[in-house]
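Notes follow the structure.
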Amino acid sequence: MALLAKAVRQRQNYLINELVRYGYFKTSTGRQLYELSLTELEQVHIQVKSTFGKHLQEGE
């Protein structure tokens with residue numbers, strides 16, 4: 001079980017770092033990224049990258 005917890009924490013750290021790279025620091029409700037579950041982080045990550053991609057397309 002410790003191995004699973006370690007893998008989850010590593011994925012959370014990766015997603016938090018990616019979101020910070022895109023300038024995303026808090027949710028719209030004011031929650032910090034480290035307060036989010038892995039599932040919530042995955043959802044936010046998809047949303048932020050999708051929005052970034054759309055803005056990138058509009059700029060072309």
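List of remarks:
- Taken across the stretch 38-55, residues that are touching a strand residue (DSSP E or B) at 6+ places or on another chain (Cβ under 9 Å) and surrounded by 12 or more Cβ atoms within 10 Å (Cβ to Cβ) do not occur at all.
- Applying the condition of being over 14 Å from residue 47 (Cα atoms), touching a Leu at 6+ places or on another chain (Cβ under 8 Å) and not aliphatic (A, V, I, L, M) to the stretch 1-36 and asking which residue is least open to solvent (accessible area, probe 1.4 Å) yields 12.
- The stretch 24-60, residues that are β-branched (Val, Ile, Thr), farther than 16 Å from residue 13 by Cβ and modelled with pLDDT of 95 or more: 46
- Those residues of the stretch 5-15 which are more than 16 Å from residue 52 (Cα to Cα) and in contact with a helix residue (DSSP H, G or I) (Cβ under 7 Å, 6 or more places away or on another chain), in sequence order: 8, 11, 12
- For the stretch 20-47, taking the residues that are touching a helix residue (DSSP H, G or I) at 6+ places or on another chain (Cβ under 6 Å) and not in a loop (DSSP other than H, G, I, E, B), the one that is nearest to residue 4 (Cα to Cα) is identified as 38.
- Subset tally (residues that are in contact (Cβ under 8 Å) with a residue 12 or more places away in the chain and of a type in the set (A, V, I, L, M, F, W, C)) for the stretch 42-60: 3
The values are calculated or read from the model by the stated rules, or taken from the named source; none is laboratory data. The shown structure was predicted, so the numbers you read here are calculated from the model rather than taken from an experiment. As a convention, Cβ positions derive from the backbone with ideal geometry for all residues, glycine included, and neighbour counts pool all protein chains shown. Note: areas computed on protein heavy atoms with side chains; ligands, DNA, RNA excluded. Shrake-Rupley method; radii C 1.70, N 1.55, O 1.52, S 1.80 Å.
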